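Input: a single structure, listed below in structure tokens.
The values are calculated or read from the model by the stated rules, or taken from the named source; none is laboratory data. On a predicted model such as this, the values are computed, not experimentally measured, just so you know. When we count neighbours, we look across all protein chains shown, and the Cβ atoms used for this are built from the backbone with ideal geometry, even at glycine.
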Amino acid sequence: MTNQQHPITPPPELVHQWMERTEYDEQTWFYESYIAEQAARWGADQELEACCEWFVRDWTDIETADNLRAARRPKPPSLKEEALALLDPSNTYGSMTQEDEYRISVAKAEIIRRALEQLDD
């Protein structure tokens, strides 16, 4: 749930597949995957902006362009929204009975802790 990355990010498996088709250095693969991710983001953002400009230019439709931009680049959930989602038992795997323990990972607990720290006493 902490995925606050850009919505256009090549999956690691795909980047690894691309890298296997070339001669690459294990020591620089992180750098190379970062470059691939940034290139994908830049290209996707350029395409989105070109589409929005087309709406405005050819259709004089600023509202549709704004709606398209908001739909394709949504704001990440707030820390409060993220923490509440983590505590929602419907987000667990399988069905829970009343006796089941509800366990969360350390990473999820950290998000909830940060959210609680922002509350006034």
Residue under evaluation ASP58, criteria (1) part of a helix (DSSP H, G or I); (2) under 22 Å from the mean Cα position of the chain (by Cα); (3) at pLDDT below 85, criterion not met: (2)
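For every residue, the table says whether it meets (1) hydroxyl-bearing (Ser, Thr, Tyr); (2) surrounded by fewer than 13 Cβ atoms within 10 Å (Cβ to Cβ); (3) under 24 Å from LYS75 (Cβ atoms); (4) at pLDDT below 80.
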{"site": "GLN5", "(1), (2), (3), (4)": "no, yes, yes, yes"}
{"site": "GLU13", "(1), (2), (3), (4)": "no, yes, no, no"}
{"site": "GLN17", "(1), (2), (3), (4)": "no, yes, no, no"}
{"site": "GLU47", "(1), (2), (3), (4)": "no, yes, yes, no"}
THR64, sole failed condition from (1) more than 30 Å from ILE111 (Cα to Cα); (2) among the β-branched types (Val, Ile, Thr); (3) at pLDDT below 85: (3)
Consider ALA70 carefully, then state whether it is part of a helix (DSSP H, G or I), touching a Pro at 6+ places or on another chain (Cβ under 7 Å) and not assigned by TED's automatic domain parsing to the domain that holds ARG114. no
Residue under evaluation ALA83, criteria (1) in the same structural domain as LYS108 (by TED's automatic domain parsing); (2) surrounded by fewer than 10 Cβ atoms within 10 Å (Cβ to Cβ), criterion not met: (2)
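Every residue, every condition in (1) in contact with a Cys (Cβ under 9 Å, 6 or more places away or on another chain); (2) exposed (fewer than 12 other Cβ atoms within 10 Å of the Cβ); (3) more than 16 Å from THR9 (Cβ to Cβ), yes or no:
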position	(1), (2), (3)
GLN27	no, yes, yes
ALA39	no, yes, no
ALA44	no, no, no
TRP54	no, no, yes
ARG57	no, yes, yes
ARG69	yes, no, yes
Any idea which of (1) outside the structural domain of GLU110 (by TED's automatic domain parsing); (2) under 25 Å from ALA107 (Cα atoms) is the one TYR24 doesn't satisfy? (2)
Quickly run through the stretch 102-121 and pick out the residues that are over 19 Å from the mean Cα position of the chain (by Cα), part of a helix (DSSP H, G or I) and of a type in the set (Asp, Glu). GLU117
Members of the stretch 41-87 that are among the acidic types (Asp, Glu), within 25 Å of GLN118 (Cβ to Cβ) and free of Cβ contacts under 8 Å to residues at least 60 places away in the same chain: GLU81
